[in-house]
Amino acid sequence: MLVNVAQLEREYFERRPDMSDPDQMVSFGTSGHRGSPLRGSFTEAHILSITQAICDYRRSYGTDGPLYMGKDTHAASEPAQRTALEVLAANNVDTIIQRNNGVTPTPVISRAILVYNRGRKQHLADGIVITPSHNPPEDGGFKYNPSNGGPADIDITRWG
């Protein structure tokens, strides 16, 4: 399955979700939001709002340790990471990513969170993983892992 990466990135940055279309709204499934820039369901607007919500959630729960961020090789992962990093930086969130623009799978992020938080009661770490997992190449995904290292449960994904 081949995708036009340039078109995918263009749609990611330029397309605005149609608020009257429920399929284009932010919607969390198994720990995260998934969609495609080609369908208007995974765009810069989605990542801006989700990342800001994560920053607000962190602030309200006192999560002020580092945020570990990983991504996979799906074409939408790189632009989504750039967008998320801008929001995190604007919110003064210390963020740790793989050097040289490398990829980092979900289990590595979960383990990093657990290792960092071991024995801590405050200044806890959490994470974001940018991946649609097994979904098609034109899809993107954005998952939040709270300080327990696991996927965000419904009490978090419906927060706010």
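Values in this text are rule-based calculations from the coordinates and carry no lab data. Note that this is a predicted model, so its numbers are computed, not measured. We place every Cβ from the backbone using ideal geometry, glycine too, and count neighbours over all the protein chains shown.
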* To do: Quote the charge dipole size of the chain about the Cα centre in Debye, to the nearest 20; the model charges only the Cβ of Lys and Arg (+1) and of Asp and Glu (-1).
  => 600
* Structure fact -> Of segment 33-60, those with amide N under 16 Å from the point 7 Å along the Cα→Cβ vector of Arg82 are 37, 43-48
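May I ask you to list, by number, the DSSP H helices of the chain whose Cα span along the axis is at least 24 Å and whose average Kyte-Doolittle hydropathy reaches -1.0 or more? Mind dumping the intermediate values first?
Details: long enough: 44-61 (25 Å, -0.23).
Within the chain the helices that satisfy the rule are 44-61.
Normalized C-alpha radius of gyration of segment 1-80, against 2.2 N^0.38 Å?
On the way: Rg = 13.9 Å, N = 80, 2.2 N^0.38 = 11.6 Å.
In units of the 2.2 N^0.38 Å rule of thumb, it is 1.19.
As an exercise, identify the trypsin sites (Lys or Arg not before Pro) in segment 73-148 lying in DSSP coil whose Cβ has no more than 15 other Cβ atoms within 10 Å.
Here the trypsin sites (Lys or Arg not before Pro) that fit, given the DSSP loop and packing criteria, are Arg118, Arg120, Lys121.
Kindly provide the Kirkwood hydrodynamic radius of segment 15-160 in Å, to one decimal, from all pairs of distinct alpha carbon atoms.
Values: mean 1/r = 0.0661 Å⁻¹.
Hydrodynamic radius (Kirkwood, Cα only) of segment 15-160 equals 15.1 Å.
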* **Approximate spin-label separation Trp159-Asn91, in nm, with each point projected 7 Å along Cα-to-Cβ** => 0.9
* Give the shape of segment 82-160 as rounded, prolate or oblate, defined through the alpha-carbon gyration tensor: a ≥ b ≥ c are the square roots of its eigenvalues, a/c under 1.5 means rounded, and otherwise the shape is prolate if a/b is larger than b/c and oblate if not. => rounded
* Taking only DSSP H segments of four or more residues, each worth -39500 (n - 2.57), what value at 222 nm results for the chain once the sum is divided by all its residues, to the nearest 500 deg cm²/dmol? -> -11000 deg cm²/dmol
